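Right, one structure below, let's go through it.
Read-outs throughout are calculated quantities, based only on the coordinates presented, and are distinct from any laboratory measurement. Keep in mind that what you see is a predicted model, and the values were worked out from it rather than measured. Cβ placement follows ideal geometry from the backbone for every residue including glycine, while neighbour counts extend to all protein chains displayed.
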Amino acid sequence: MKSIPETMTAVLLTGHGGIDKLDYRQDIAVPTPKADEVLIKVAAAGINNTDINTRTAWYSKSVTSGTNVGVEDGFSDINHQDAAWSGSAINFPIIQGADICGTIVSVGADIDNSRIGERVLVRAMQRHRVDYRPYECWTVGSESNGGFAQYSAQPSAEAFVINSDWQDSELASIPCAYSTAENLLHRAHVGQDTSNQQVILITGASGGVGSAAVQLAKRRGVKIIAIAADNKAEDISALGADQVIDRDADLIAELGEESVDIIIDIVAGKQWPAFLQLLKRGGTYATAGAIAGPIVELDVRTLYLKDLSLIGCTFQEDIVFHNLIRYIESHEIIPAVAKTYPLSDIAQAQSDFLAKKYSGKLVLVPPQ
């Protein structure tokens, strides 16, 4: 194995704002792993909405628009103190990138040297860093440095060995988007009602989380109705959707009221009131995003008169990431990578991501 250099290439996020806040550098010190950490040579790192939302400070409660607003220049008049997943201020500069696939090249004092050489995936929503306390979240690339670099130091407990013939870029599409999707399905008990085939609706089905949810729901044996742009319908059907509806369609006219058991939503926005109308009595709505806008109109009468359950899904139990590793190794899912970019092209990659030009994940590859 090659010797570890003293400096590396990385992208630093220098503050909240536009794409100009991404600083591509070639003189960043390679991190030294702490006693309970491993040093990973990053082979690939996926792009996610959270990277852009963190950069623009969209998580701040002072922002009420969708995630496509302010992506080039950032938001003005934001509250920097609540602009991260944790609801706290971010310590800049930080290396983003919640998806990390790579090889362990060094270990901390408390970690056995036998880990060196392992090919690993890093859990994006980490539990070790918060002592496994429930409902506390620590996200790679937000609360700590992530994968937009040649090397990344991560807790050994969060670096999972993966035995797979997938390419590095394909594995790097998994940690954030697929764990978010699997968590939504897990928390909403998708596929657990064996008395009849559940009908589930998945919004934003052409994006990273949405396309992952389609695949992961298919393996649970449910009927899937997906919402996506018309020009991406074929891609979504190939992943397992039974029906694809255009994102601008009148959902009530297309499906009828009380036609869906569970809604998996990452979009929210102006269509949100229709979601509760679509749900059958006793149905479940689960969300992990609001890319079309976080502020929605809720008629509380619909909620209680139909005995609906609304579930917010951020915290992930250990079983979620363990499941993903098992699905990959047992060939139960396939990768959905649309395009890869060199790390130096991060600005173009984020622009393409925001333009929704592709179905599936976009992945960055640092210099090897």
Once you list every other residue whose beta carbon is under 12 Å from the beta carbon of Y341, what net charge do they have if Lys and Arg are +1 and Asp and Glu are -1? 0
Leaving out same-chain residues fewer than 8 places away, which lysines sit with a Cα under 16 Å from that of K306? K280
Of the chymotrypsin sites (Phe, Trp or Tyr not before Pro) in the range 113-161, which ones lie in a loop per DSSP and count no more than 16 other C-beta atoms within 10 Å? Y132, Y135
Calculated on alpha-carbon atoms, Rg and Dmax of the range 82-224 in Å: 17.1, 53
What number, in percent, do you get for the relative contact order of the chain if the mean sequence gap of Cα pairs under 8 Å and at least 6 apart is divided by its residue count? 18 percent
For the range 31-57 and the range 199-245, what is the separation of their Cα centres, given in Å? 28 Å
What percent of all Cα-Cα pairs in the chain falls into each 20 Å bin, going from 0 up to the bin containing the maximum distance? 30, 58, 11, 0
With springs connecting C-alpha atoms under 10 Å apart, model the chain as a Gaussian network and identify which of Y327, Y59, Y358 has the largest mean-square fluctuation. Y327
With Cβ to Cβ distances under 14 Å as the rule, what net charge do the other residues near G117 carry (K, R +1; D, E -1)? +2
Amide H contacts under 5 Å for A43, placed H, 5+ residues apart: C101, G102, T103
Determine, for each peptide in 294-307, 241-254, 118-131, the mean count of other beta carbons within 10 angstrom over its residues, then list the peptides with the highest first. 118-131, 241-254, 294-307
How much mean residue ellipticity at 222 nm does the chain get from its helices, if each DSSP H run of length 4 or more adds -39500 (n - 2.57) and you divide by all residues, to the nearest 500 deg cm²/dmol? -6000 deg cm²/dmol
Would you grab the residues whose amide H sits under 5 Å from the one on I263? Only those 5+ places off in sequence or on another chain, please, with H modelled 1.01 Å from N. L201, T284, Y285, A286
Across every pair of different alpha-carbon atoms, what Kirkwood hydrodynamic radius in Å does the range 178-312 reach? 14.5 Å
